[in-house]
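What follows is calculated from the coordinates using simple rules that are stated; it is not laboratory data. No experiment lies behind these values; they were computed from the predicted model shown. Every residue, glycine as well, gets a Cβ built from its backbone with ideal geometry; the counts of neighbours run over all protein chains shown.
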Amino acid sequence: MEQDLRQNSQPEAPGCGTNNVDAILDELESAGAPELLTRAGPRGLRGSLQALLRMREFSVLSATILLFIALSLATPLFPQLDNILLVARQISILAIIATGVTFLFISGEIDLSIGSIYGFLGIVLASLIAKFGFNPWLALLIVVIMGAAIGFVNGTVTTRFGIPSFIVTLGMLSILRGGALLASGGWPVMIKLARDDPFLNITSGHVSGLVPTQVFWMIGVMALGGFVLSKTRFGSHVYATGGNQEAAILAGINTKWIKTINFMITGALCGIAAALLLGQHRNAFPLTGTGYELDIIAAVVIGGTPLFGGAGSILGTFLGAAVLGMITNGLVLLGASAYFEPVAKGSIIVAAILVDTLIRKRRV
Amino acid sequence: MEQPGILLTAVNTTTPGMIGEYPLVELRGISKAFGHVQALQRVDFCVFPGEVVGLVGDNGAGKSTLIKIISGAYQPDSGTILMDGKPVTFHSPRDAMMMGIATVYQNLALVDQRDVAANIFLGREPTKGIVIDRRRMVEESVQVLQQLRSDIPSVEVPVGLLSGGQRQAVAIARAVHQAAARLVIMDEPVAALGIEESRKVLRLIKQLKAQGRAVIVISHNLEHVFSVADRIVVLRRGRLAGVRRREETNAAEIVRLIVGAEHL
């Protein structure tokens, strides 16, 4: 019986059958059944243009390009390779954490404690190396695991007890900031590694004396994140979880676990980010990462990932981070007051969402 | 006390081509209570392969409870479920799904932001290694939608952009595709739809029947029930009020069964 059904449901040669079902199907077919396209919209150049317009990342992509052109025209220093690489390095740490936050946002959760996790893990990492004599790589591994464990706590409290992640992670933000201050006594923790120590080179050196290794870390993390999100079942389930949790549960997806894993990914990436910063400064400061969550969330939101989940992409987040990085850099090059930076960033965030909303309204 | 044979025989003699065959799913003497509310009381029910059964009754008559028992969401307090004549027990909707019973929920359970193919394969995405086999998803989605003669423009459109009837088609396509469903249960499939859209969904139901699948449709709209159902099962206050073949009854009789003859 079941075999019969399978055969019927996947006809090898439509129209050749002799049984009743095929006859009825033929009849319906001749009655003018609509043709089904596998791709949306027309093909060719017009199709590609439409696909581009339909892309979630369209707004932020245009913003990135426009900003790049505007800054290049405003100051000849901006488009030079040195400066581009500087901007790339400056956004690397932010973009790495923002990758985890993108996963979280798409699954419909938020993490406000990222700045504190980042700062706290920096202190722990520096202390493990400086005070307890750990091998830096082992210390890095420990810190990444600790980050995942903190994420596990955030995720478990959020999903098992039904407390909004906004509240849970707000609490974690405070707890870990206090933790960083307690663990360091309020003082910076300095690590004493030789200038040519591989840990320093790999976390914050340069490849062929030019490209900062942090940029490679960013590319690696984002490429992996983008792959998982767009190509794997896990990624697909992340979208489903944030898009319609009830439907995801009915389809057998363990949404609680998906969300918890996303909190863990975010925490672990904070650990990597802390190591990249420590390699750069060789000092960990207990107040590092204060207010950083807002910049990171801004990058994710500018990148087109909505706060309420179900959509978004790593490419968008990368472009969002690039926009923020270019603004900071551009203002410095233009000699604007540093106090103007938050004003510019805030305006860009609102403008980005506004443009995106207007385009979306017209499209649907 | 239980006389399952009567119902079975009655149906067998009046369902052409089904003589001697077991019902696809048969319920015998099913009872289910929630607290001290008796939702179902010794209800007998059956559906044959390729048959469309309309399940009707007033609010609280026990329709939803009955289909939730068939779909494995509820377990009966007493009574037997048989598939192909053999007793079965469903501990969860997953068990029922494994046996070829798929349910289209009233709210459709679709993810609006995801495209048609992703929704049809929701939670069961095929993979090649660790990568989702997107090509297979698209091809099979097109296939199953073509079988249903659906008018969805593309399987790569987010379902949020589709009309109510098209969304219904996606939900039905998913149900059909799951384990090559032998029985599709639909709870109020046209309740939220316009006339033209309703017609399309009713055509989908006929399409399922033409493919040899059984369908149970819950609906408040008797006109729709009469247009697709081979048999109409009426529940009243948790009891079986009557079973009629479509040709042998009319709306007035069904309404009498629904509200209870003493009220007219």
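Before moving on, here are some points about what is shown:
- Across chain B, the relative contact order, built from alpha-carbon pairs under 8 Å that are at least six residues apart, equals 25 percent.
- Using a Gaussian network model of chain B in which every pair of alpha carbons under 10 angstrom is joined by a spring, one finds that among B:Lys32, B:Lys200, B:Lys86 the greatest mean-square fluctuation is at B:Lys86.
- Just so you know, the averaged projected area of the alpha carbon convex hull for the range B:31-152 sits at 10.5 nm².
- q = 0.19, 0.24 Å⁻¹: log10 I(q)/I(0) that the Debye formula gives for the range A:61-174, counting C-alpha atoms only: -1.00, -1.27
- Exposed loop sites here mean GluC sites (Glu not before Pro) with a DSSP loop assignment and at most 15 other beta-carbon atoms within 10 Å; chain B contains its longest site-free run at B:22-264.
- Normalised by 2.2 N^0.38 Å, where N counts its residues, the alpha-carbon radius of gyration of the protein assembly as shown equals 1.19.
- When the pairs B:Lys32/B:Lys68; B:Lys63/B:Lys206; A:Lys231/B:Lys128; A:Lys131/A:Lys192 are compared against a 19 Å limit on Cα-Cα distance, B:Lys63/B:Lys206 fall above it.
- Proximal lysines to B:Lys200, defined as alpha-carbon separation beneath 17 angstrom and excluding residues fewer than eight positions away on the same chain: B:Lys209
- A simple charge model with +1 on the Cβ of Lys and Arg, -1 on the Cβ of Asp and Glu and nothing else charged puts the dipole of the range B:115-181 at about 120 debye relative to its Cα centre.
- Packing-based exposure ordering (other Cβ within 10 Å, fewest first) of B:Leu161, B:Leu24, A:Leu104: B:Leu161, B:Leu24, A:Leu104
- Positive-pole candidate from B:Ile216, B:Val201, B:Ala180, dipole of chain B, charges at beta carbon: B:Ala180
- For chain B, the C-alpha radius of gyration sits at 1.01 times the compact-globule guess of 2.2 N^0.38 Å, with N the residue count.
- Taking the alpha carbon gyration tensor of the range A:55-363, multiplying each eigenvalue by 5 and rooting it gives semi-axes of 29, 27, 17 Å, largest first.
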